[in-house]
Structure formats: structure tokens, C-alpha cells
Amino acid sequence: MSGTEGADRHADIVICGAGYVGLATAVAIKQARPSLDIVVADAAPEGVWRKEGRASAIAAAAQAMLEQLGVWQRLAEGAQPINEMIVTDSRNSDPIRPVFLTFSGEVEPGQPFAHMLMNRDMIGALRERADELGIEVNQSTPIAALDRSGPMATVTAADGRRFRARLIVAADGARSRLRDWAGIRTVSWQYGQSGIVCTIGHERPHNGRAEEHFLPVGPFAILPLPGNRSSIVWNERTADAERLVKGDPFLFEAELEARFGRHLGAITVESEPRAFPLGLTLARAFVTQRLALAGDAAHGIHPIAGQGLNLGFKDVAALAEIIVEADRLGQDFGQEDVLEAYQRWRRFDTLRMGATSDILNRLFSNDITPVRMIRDFGLGLVERMPGLKRDFIRQAAGHAGPLPRLLKGQAI
């Protein structure tokens, strides 16, 4: 947008944040209601998402939504199905890592419960679809102020431009400024852990198997990517994680190999390792007048269950459905009483997943012998209960609970 300082841009909906949640929300609403004028404003420089080196697990329900939105068709070739998952519990020094739990990767015959996908590919496909639908995406426009006092909400960019809309969607991440300006408080704490993320290459094929190794300081996950490559999510104490990623690459690779093992042959680090502090953040409210939170602005959980991105996509599907149905009925979808339906739909599920990830991390990120004995007994019990394992797979696939239509692969 090339407007002058102080110029106003009127729209029906302004979405702040052009990550996967912000873009998917815009695409979902615009596809169902082409008459709605939607603007996406983002503070990131144009094209910075192309440098994103992380990968994510896309649950089967999220895949169904992306397919319905005309996005998955652009991603399928570069997506790696997860065909199997194993869970171990051991120490680094243990010569053998016993497998306590195994999962088949299919939630239905021929349907993997998840795929691994590079984040930059997903954001690129969403950007393409947004362009096709005529959604305006403004880059490099940091939002400096929020005003909800009038009949329309207004966000003001740092360069003086104003965006006015019936609804502002805050998809601006875990440190959401819009959430803070709206006076929405959070419950949050840090774990003293950081997640080290990188992509590695290895000699032998992974055959689509994901591995979750519970080590004393936290989980170490090996997630399959296309070819002889995997994504690593490695939890360490924050000070140790910073030392590892900033230190000698040779020492980093040695420490990585000690945890990864040699079952896939020699390994090489293919992307620069990065460390991200881990904590739990839950917004006390997901909506207020003229404002709705989505994605990490509403919730940030520990990656131990691999559900952070998929929780964000659940927000997208629920919020889009509420907005579209309200607009069809002639309702003002920016009113708090209309948005309350979105909050009721999403808050309990988010609290449940936040509590689950918190308990799992506290249970498995320690080396207390009695606790290890109890958790290993529990894992072994689940392994011998096919019905319970099927329930876990359905949870991981995003098929549990009342689902918005998009997550069932249906149009809004």
C-alpha cells in the first residue's frame, strides 16, 4: 500500500500478522465471503519468511482444512508423511534405548495422522492463495497503536497510516502488542528450557518414522523430512542451549550425535541451529470488543505434544466459521457478544492442551528414579491397550472433540 502519512484504509477485517495463522484466517474468510474486504498487516520485511528454516507437523485435520482452502495441493509434493512413531525413555549414557510405545501413523487406512512440512513452503502457498483471492497484504508496517473506542476499531502503523475495520484479528505472536494494548492479561511461566531446532541429513532412510526420546532434561524429537533428512527439536536447559548453538559447530554435532545415535548412519547439520525459549502462555480472554486473538497471541504451549501449530489452525477454522456465519445473518461480527462463540469454542480445548503439555513436560523432564519407573509403567500400559492408542492417534490427528467444518474438510 502506498498511502500517505495519516491516510485511512477502511476494511471489514484487518488481520495483524502474516504468519500461517494470519494468512490462513484471511484465506478462509475471503474464500467463503468474497464480498468482505480483508487487509493483512505485518511488521516483517517483505520476503523474510523465505529464510524460515523450521518444519512443522501438520495434523490430518489441518491438512483437510488446507486442502479445502486450495493450499494443500501446492504442498503435497514436499510433504513427508509420518508413517510410524516410537517413544523411548532413557539417559544419554544408556547403551540401549528401550522402546516403550509405538504408534502406527495412520488415523484411517491410507491417511497418515500427520505430515512434516517446511514452514516457508506453507507460508509461501498461503501467500499465493491470498494473492489469488485479492487479499491485500501490507509488509513492513509495524502496528504502533490500537483504538477500540469508536464504532470501528483502528490500528495505526508506525508510519502514521491508519487501518479501520469492524474487526481486528491479533495474530501477531506470543508477545502480542495488540493483546497487551487491549488489556487482556495472560497466565504464563517459563520452563528454564529452550528448544534447539535444526535440519540434519543422514546416510540411511528414516522410512517416515518419527522418534520421541525422553531424556532427563527434556524431549529430543527426530521428525522425518523428504529424502534422507530430518528435523530436530531438542530440549535443553536454556543456558546449555545457548552455549550449544553459539559454540563450535564440531562440538554441537558431537553432542547432537550422542543424542541422535547412529541408527541412520553418519549425520550432518544442514541448517544453522537456533534456540527458542520454552514456556506456557495462555490469554485470559480470546476476545474483546472489535478484537479477536488467534494462534500464539492466544496461547503458547510446550512443543512436547507437537500441537502448537495445529492449535493455531483450529483457531483459524473456528474464527472463520463464526465470522462467516455471523455475516450471512447480517450480524456485526466485531461485537463481543458475537465473538464470544469463538471464545467458547476454543478456550477449553486450549486450556486442556496447555495443561497436558505442561504435565507431560514436568513428568518426563527429570531423572528421578521413582518418577521414571511410574512413567515407564504408564507407557508400557498404553502400549498394551490398542483402544487407548487409537484415541491418542485421533488426538494427534486433530479429530477429537467438536470440530469446525474446515477441519472436517467441508466448506463453511
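The table for this structure:
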| read-out | value |
| --- | --- |
| Answer label, with Rg and Dmax of the Cα atoms in Å calculated from the coordinates and candidates (1) 23.1, 84; (2) 21.6, 66; (3) 21.9, 70 | (2) |
| Net lengthening on full extension, E136/L351 (0.36 nm per residue, minus Cα-Cα) | 74.1 nm |
| Residue among P112, P219, P151 with the largest mean-square fluctuation in a Gaussian network model of the chain, springs linking Cα atoms under 10 Å | P151 |
| The range 70-76 - phi-based ³J(HN,Hα) in whole Hz, Karplus 6.51/-1.76/1.60, Gly and Pro as x | x, 10, 4, 4, 7, 10, 4 |
| Ranking of H115, H302 by count of other Cβ atoms within 10 Å, fewest first | H115, H302 |
| Kyte-Doolittle mean at least 0.5 and Cα axial length at least 30 Å: DSSP H helices in the chain | 308-328 |
| Charge dipole of the range 279-394 about the Cα centre (unit charges at C-beta), most positive-ward option of V382, I323, L360 | V382 |
| Summed residue charge, Cβ within 13 Å of L360's Cβ, Lys/Arg positive, Asp/Glu negative | 0 |
| Efficiency of FRET between H10 and R262 - r from beta-carbon atoms, R0 56 angstrom, step 0.05 | 0.40 |
| Net charge contributed by nearby residues that have their C-beta within less than 11 Å of P219 (K/R +1, D/E -1) | -3 |
| Over the chain: helical MRE at 222 nm, DSSP H runs n ≥ 4 each giving -39500 (n - 2.57), nearest 500 | -11000 deg cm²/dmol |
| Coil-residue trypsin sites (Lys or Arg not before Pro) of the range 166-242, DSSP, other Cβ within 10 Å capped at 12 | R175, R185 |
| Reachable lysines, given that their alpha-carbon falls under 26 Å from the alpha-carbon of K408 and they are not under 8 places away in the same chain | K30, K314, K389 |
| Amide H contacts under 5 Å for E106, placed H, 5+ residues apart | F113 |
| Candidates A114, A239, A294, ranked by Gaussian network fluctuation over the chain, Cα under 10 Å, top entry | A239 |
| Amide hydrogen neighbours beyond the local backbone of M116, cut-off 5 Å, H modeled | I58, Q80, I82 |
| Total formal charge among the other residues, if their Cβ is under 15 angstrom from that of K389, Lys/Arg +1 and Asp/Glu -1 | -3 |
| Anchor K51: aspartates and glutamates whose Cα lies under 13 Å away (excluding residues fewer than 8 positions away in-chain) | D121, E272 |
| When the range 18-146 is reduced to its Cα atoms, the Kirkwood hydrodynamic radius in Å | 16.9 |
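No value in this document is a laboratory result; all are computed from the given coordinates. Only a predicted model underlies this, so the values are computations on that prediction, with no experimental measurement involved. Don't worry about glycine lacking a Cβ; one is built from the backbone with ideal geometry, like all the others, and counts go over all protein chains shown.
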